[in-house]
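Undergrad: Here's a structure for you.
The values are calculated or read from the model by the stated rules, or taken from the named source; none is laboratory data. Not measured: the values here are computed from a predicted model. Note that we place each Cβ from the backbone using ideal geometry, even for glycine, and neighbour counts take in every protein chain shown. In case anyone asks, the SASA skips ligands and DNA or RNA and just uses the protein heavy atoms, side chains included. Shrake-Rupley method; radii C 1.70, N 1.55, O 1.52, S 1.80 Å.
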Amino acid sequence: MEKQTLYLALTKQGFTLSYTDTPDALAVVAMLGDYVFDNNCQMTVKVTDTKDGSNPDDPLNNLVFTLDISDKIDDKKITSLTGRLYVGGGIEALEQNYPQKLSYITKKLDFYGALDGENDFFDVVETRYQKDKADEIVAKLKEVGVFNLLNSYRISKKVVAIPATPNDTDLTAEQVRVALTKAVKPSYFILANIDDLPMIDAVMSVMDKFNNHLFIDVGEISDYQQVVAFVDSLALADHRVRVLWNPNLSHPNNATTVLARKKWRPCVGDYLALHLLRNARRNSQGIPPINIPVAGYAFPLNFKGMKQMATVNLDEEAQNALAKAKVIVVLNENYGNESRWIYGDVLTQRDSDTSALRLANAAEIETFTANMVIDIIKRHMLTPMSNFLQNAYDDCVAFLDACVSAGLLGRSEQLGGLYYALSIVPREDKPFEAVDVKFARRPEGAVRQAYLETTINK
């Protein structure tokens, strides 16, 4: 989809938001970006008079505009811009007219378009106003109820609905693949349904490039046999992929009363959030506790008023079939006098009955350690061979020892009781310019079955 420009215009009738420019507007803020808005977004406009000095060429430099974009439903902030208007020409005109006044330029809304960072919401922000109508603009801002004096007790602001982005067509699988490939290396991808096979293939191809993980929610399905059939037909067979099924209803996230009708909602967003929260608990050596799988008692779902769909029956047969298909099911589990809704398994889509990589935490340890060793090797590339061999090996060992201390790796019988084995040596066919790196380790596992033998003794 092509980039769209959203125009906030101050006209004689008040503020408008549209995707069409208004050439005769008193003032305009044009925002160009890739983001797509639906009908549930809004912008809150506030203007503050800072009493800073202005000049005839820029008479409204004392006014600071604050533009908050949020969700209509839960009022969560999407992004925010704060700055002053310029008479026109964007960042290029500002740089040309004020080459020695960086502090002046950075206070303008136009400066957002000059940042060009990975996380910028808008690629270009450009403002303009009719400077010969500065007094009229101030009067109109007061009339529409957005004008504030500095340190005002009561805040005047106006909420303007953001129209849905025109031509809001779904991206093709190839467009998604290209966009993801250009992204900063992520740790996880998520998909909220299994309807689009080309999209799954595209995301998996990028996952393979980044060596990260993909979480897939099967969607709103009430029959476990359908879930098993769908997942089996996908034949994902990769330890970096996990499939989830939430066969439950709950109150919407924005529900304000217990009488709100319960609906199905995907669980993959919550599952991702729990992983990110867990990963944030890095130790002093920067190692995240990925040896702890996100499942079970310690990671409950906090959806409001959860209950299982009436047509769902997770009996032993159903749970065995789902486990065989390696589907992680959200279910209710009793712990003594307490019950919790949990992610009931830790299986990946690894097609094996014995590999450690069929376990979610072991799979994450595998990719984490592999990626870090690769990154260390890359950091020491293009240095003298003797320096490389010693420095790269030492840094890798220091990292792997930290993983052992953090509980990510265990002793391996096949490695003679060692936690890992690493060798970095020159290649025989290219001894002056290439090396062979061999790396083996035993990741931590996770208990998903327990066999109880009990007797009564006299």
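Undergrad: Give me the percent of accessible area attributable to carbon and sulfur for segment 48-128, probe 1.4 angstrom. Please list the in-between numbers first.
TA: Numbers: 1930 of 4240 Å².
So the carbon and sulfur contribution to the accessible surface is 46 percent.
Undergrad: Check each of the GluC sites (Glu not before Pro) in segment 1-104 and keep only those in coil by DSSP with at most 11 other C-beta atoms within 10 angstrom; list them in order. Don't jump to the answer; show the numbers that get you there.
TA: Working: sites: GLU2, GLU92, GLU95; in loops: GLU2.
Taking segment 1-104 and a limit of 11 other Cβ atoms within 10 Å, the loop GluC sites (Glu not before Pro) found are GLU2.
Undergrad: I would also like to ask the following. On a 0 to 90 degree scale, rounded to 10, what angle separates helix 360-379 from the longest Cα axis of the chain?
TA: The angle comes out at about 70 degrees.
Undergrad: A further question follows. Only loop residues by DSSP count here, and only those with at most 16 other Cβ atoms within 10 Å; note down the chymotrypsin sites (Phe, Trp or Tyr not before Pro) in segment 87-157 that meet that.
TA: Working: sites: TYR104, PHE111, TYR112, PHE121, PHE122, TYR129, PHE147, TYR153; in loops: PHE121, PHE122, TYR153.
Taking segment 87-157 and a limit of 16 other Cβ atoms within 10 Å, the loop chymotrypsin sites (Phe, Trp or Tyr not before Pro) found are PHE121, TYR153.
Undergrad: Which residues in segment 304-326 place their backbone N less than 19 Å from a point set 7 Å from the Cα of ALA229 along the Cα-to-Cβ direction?
TA: 311-315, 317-326
Undergrad: Something else now. Determine the alpha carbon to alpha carbon distance for each of LYS46/LYS72; LYS182/LYS378; LYS3/LYS263; LYS324/LYS458 and list only those over 29 Å.
TA: Result: LYS3/LYS263; LYS324/LYS458 exceed 29 Å.
Undergrad: Okay, moving on. Using 0.36 nm per residue, how much length does the chain from ASP394 to ASN40 gain when fully extended, once their Cα-Cα distance is taken away? Let's see the in-between values first.
TA: Details: separation 354, 0.36 × 354 = 127.44 nm, distance 5.32 nm.
Taking ASP394 through ASN40 to full extension adds about 122.1 nm, to one decimal.
Undergrad: What is the helix-to-structure angle for 224-234, meaning the angle in degrees between its Cα long axis and the longest Cα principal axis of the chain, kept from 0 to 90 and rounded to the nearest 10?
TA: For 224-234 against the chain, the angle is about 90 degrees.
Undergrad: What do you get for chymotrypsin sites (Phe, Trp or Tyr not before Pro) in segment 290-366 restricted to DSSP loop and a cutoff of at most 16 other Cβ within 10 Å of the site's Cβ?
TA: On the way: sites: TYR297, PHE303, TYR335, TRP341, TYR343; in loops: TYR297, PHE303.
Hits after loop and neighbour filter: TYR297.
Undergrad: Give the ranking of THR66, THR181 by solvent-accessible surface, highest area first, calculated with a 1.4 Å probe.
TA: Details: THR66 20, THR181 50 Å².
From most exposed to least exposed: THR181, THR66.
Undergrad: Give me the 1.4 Å probe accessible area per residue for segment 155-196, excluding ligands and nucleic acids, in Å².
TA: Numbers: 2710 Å² over 42 residues.
I get 65 Å² per residue for segment 155-196.
Undergrad: Taking Cα atoms, how many degrees apart are the long axis of helix 268-279 and the longest axis of the chain, rounded to 10 and kept between 0 and 90?
TA: 80 degrees
Undergrad: Points 7 angstrom from Cα along the Cβ direction at TRP264 and ASN193: gap in nanometres?
TA: The two pseudo-label positions are separated by 1.0 nm.
Undergrad: Can you compute the charge dipole magnitude of segment 198-351 about its Cα centre, using +1 on each Lys and Arg Cβ and -1 on each Asp and Glu Cβ, nothing else charged? Give it in debye, rounded to the nearest 20.
TA: Values: 16 positive and 15 negative charges, 146 e Å.
The dipole of segment 198-351 has a size of about 700 debye.
Undergrad: What's the extension gain from LYS101 to GLU174 if we count 0.36 nm per residue and subtract their Cα-Cα distance? List each step's numbers first, then the result.
TA: Details: separation 73, 0.36 × 73 = 26.28 nm, distance 4.40 nm.
21.9 nm is the gain from fully extending LYS101 to GLU174.
Undergrad: Further question on the same structure: Report, in debye and to the nearest 20, how large the dipole of the chain comes out about its Cα centre when Lys and Arg carry +1 and Asp and Glu carry -1 on their Cβ.
TA: Values: 49 positive and 59 negative charges, 291 e Å.
It works out to roughly 1400 debye.
Undergrad: Same structure, new question: Please work out the FRET efficiency for the pair ASP208 and GLU136, using the Cβ-Cβ distance as r and a Förster radius of 45 Å; give the result to the nearest 0.05.
TA: Details: r = 59 Å, r/R0 = 1.31.
The pair ASP208/GLU136 has a calculated efficiency of 0.15.
Undergrad: Give the distance, in whole Å, between the Cα centre of segment 118-154 and the Cα centre of segment 302-353.
TA: So the two Cα centres are separated by 53 Å.
Undergrad: In debye, nearest 20, what is the charge dipole magnitude of segment 1-128 about its Cα centre with +1 on Lys and Arg Cβ and -1 on Asp and Glu Cβ, if you could check?
TA: Details: 12 positive and 21 negative charges, 107 e Å.
Here segment 1-128 has a charge dipole of around 520 debye.
Undergrad: Between SER54 and THR20, what is the FRET efficiency for a Förster distance of 25 Å, r being their Cβ-Cβ separation, to the nearest 0.05? Intermediate values should be presented prior to the final figure.
TA: Numbers: r = 30 Å, r/R0 = 1.20.
Rounded to the nearest 0.05, the efficiency is 0.25.
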